[in-house]
Amino acid sequence: MMTRFRFLTAGESHGRGLTVILEGVPASLPLDEEYIARDLRRRQAGYGRSPRMGIEQDRAEILSGVRHGLTIGSPITLLIWNRDWENWKGTMSVSPPEQEIQPLTRPRPGHADLAGVTKYGLEDIRPILERSSARETAARVAAGAVARRFVEEFGIEIHSHTLAIGGQWADLEGPVDWQQVEQSPVRCADAEAGKSMIAAIDEAISTGDTVGGVFEVMATGVPVGLGSHVHWDRRLDGRIAQTMMSIPSVKGVEIGVGFGLANLKGSQAHDLLEVSHKPPYCWRHATNRAGGIEGGISNGEPIVVRAVVKPIPTLGQPLDSVDLATKAKVKAHFERSDVCAVPAAGVIGEAMLAIVLADAILEKFGGDNLKETRRNYRSYLRSIR
């Protein structure tokens, strides 16, 4: 639960646009639209995306909360227009349509369609499809860019890369080459594995299928002491896991070695402490199996999070379904969709991790102005050295 850095998104996939309202950003943080646009462009890229990415040119307009390039401490409003709305004016009209719109009644297995219309008592899947669409994540990435800009002031850097797509895994040893990641069509640091991932996507395209995979997000420069062990909802790992699981199609999350710890003994699983002569601490961890978090608190090592992205359930060869109106066996509704969204999901994961860390920094250090937050941060670092 975020109580200091909070955000709310609104808008439908084919509506006029997406809106974000952020609260809690201290005054005097440098922020401009181009900085936010960079991450929005990264979200739109990636091999296997839908044709819609060629239509939209996502850019967030700052409508409030910023003056002369600096935040002013009040809520920030961001607006992302949907260019494709021009083709959906009738279907997504706010006013009653002049002509009858044929309802969608063939739910797609794996989507929110069936559960959504049942929960809200609707007879048309369209309202559920529009809001549950991953298009909403453009708004999250915009919010995450603001959070990223904030945590950068404290030396925190956040990156992501693709570990697997369609059963093809990257083989990595040593530090990740982030420049290679950004140049890769699938955001993979292993060039040869990247080729295999592209081949898996191509095969899925040719058969009307989809593929999922795994992405990893890393945050470096995170200080010791973010989060807390004292309440369940203040544990940093729990907060991170919840936000990652909220990303559409993510069905599993692990921090550090994660599920791999199940195969280890206690003597093998934990990160030993060593003396360090490198600032800011007099100690270091010999390994990072915990992924930078122990007892719900950041421990000074890089935070490492991995998430499993299921294959997108909108298939070119639609799955079997049942028509909600006629009760007849039918093929599920098909609408333009990605074949693989794992590279984009990694960028969304960066945004969600940035949002959690921004909230945790404000929880720990407070401050209504960036200078105040930084002063408290520096004082804390001096106290623990």
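The values are calculated or read from the model by the stated rules, or taken from the named source; none is laboratory data. The structure presented is a predicted model; accordingly, all values stated were derived computationally and were not measured. Note: ideal-geometry Cβ built from the backbone for every residue, glycine included; neighbour counts use all protein chains shown.
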- [ ] Examine region 79-93 for a residue that is part of a loop (DSSP other than H, G, I, E, B), touching a His at 6+ places or on another chain (Cβ under 7 Å) and of a type in the set (Gly, Ala, Ser), and state whether such a residue exists.
- [x] no
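Per-residue answers, yes or no, for (1) modelled with pLDDT of 95 or more; (2) touching a strand residue (DSSP E or B) at 6+ places or on another chain (Cβ under 9 Å); (3) under 22 Å from Glu130 (Cβ atoms); (4) among the aromatic types (Phe, Trp, Tyr):
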| site | (1), (2), (3), (4) |
| --- | --- |
| Ala307 | yes, yes, no, no |
| Leu315 | no, no, yes, no |
| Ala325 | no, no, yes, no |
| Arg336 | no, no, yes, no |
| Ala345 | yes, yes, yes, no |
| Ile355 | yes, yes, no, no |
| Leu370 | yes, yes, no, no |
Task: Those strands (runs of 3 or more DSSP E) lying entirely in region 275-385 with at least 1 residues surrounded by 16 or more Cβ atoms within 10 Å (Cβ to Cβ) and touching a helix residue (DSSP H, G or I) at 6+ places or on another chain (Cβ under 9 Å) - done: 303-309, 320-322
Task: Matching option when the condition is in contact with a His (Cβ under 6 Å, 6 or more places away or on another chain) and at pLDDT 95 or above, among Trp169, Trp178 - done: Trp178
TODO: Could you list, in sequence order, all residues of region 78-95 that are among the acidic types (Asp, Glu) and exposed (fewer than 13 other Cβ atoms within 10 Å of the Cβ)?
DONE: Glu86
TODO: Test Thr9 against the stated conditions and say whether it is surrounded by fewer than 21 Cβ atoms within 10 Å (Cβ to Cβ) and either aromatic (Phe, Trp, Tyr) or modelled with pLDDT of 95 or more (or both).
DONE: yes
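So that you can scan it fast, the table gives a plain yes or no per residue for (1) of a type in the set (Ser, Thr, Tyr); (2) at negative phi; (3) in contact with a Cys (Cβ under 8 Å, 6 or more places away or on another chain):
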residue: Glu182; (1), (2), (3): no, yes, no
residue: Cys188; (1), (2), (3): no, yes, no
residue: Ser206; (1), (2), (3): yes, yes, no
residue: Gly227; (1), (2), (3): no, no, no
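Just one of Arg106, Arg140, Arg148 is at negative phi, assigned to a loop (DSSP other than H, G, I, E, B) and of a type in the set (Lys, Arg); which is it? Please lay out each step first, then the result.
Numbers: Arg140 fails: assigned to a loop (DSSP other than H, G, I, E, B); Arg148 fails: assigned to a loop (DSSP other than H, G, I, E, B).
Going through Arg106, Arg140, Arg148 in turn, the sole match is Arg106.
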Open item on the list: With the requirement that a residue be within 23 Å of Leu324 (Cα to Cα), in a helix (DSSP H, G or I) and within 25 Å of the chain's Cα centre (by Cα), what does region 109-137 give you?
Closed with: Asp113, Leu114, Ala115, Gly116, Arg126, Pro127, Ile128, Leu129, Glu130, Arg131, Ser132
Open item on the list: Quick test of your reading of the structure: Ala37 fulfils all but one of (1) closer than 30 Å to Gln317 by Cβ; (2) hydrophobic (A, V, I, L, M, F, W, C); (3) free of Cβ contacts under 8 Å to residues at least 40 places away in the same chain. Name the failing condition by number.
Closed with: (1)
- [ ] Give just the number: which of (1) in contact with a helix residue (DSSP H, G or I) (Cβ under 6 Å, 6 or more places away or on another chain); (2) crowded, with 20+ Cβ neighbours inside 10 Å; (3) part of a helix (DSSP H, G or I) does Asp237 not satisfy?
- [x] (1)
Open item on the list: On the basis of being in a loop (DSSP other than H, G, I, E, B), of a type outside the set (Asp, Glu) and either modelled with pLDDT of 95 or more or closer than 20 Å to Thr77 by Cβ (or both), does Gly155 make the cut?
Closed with: yes
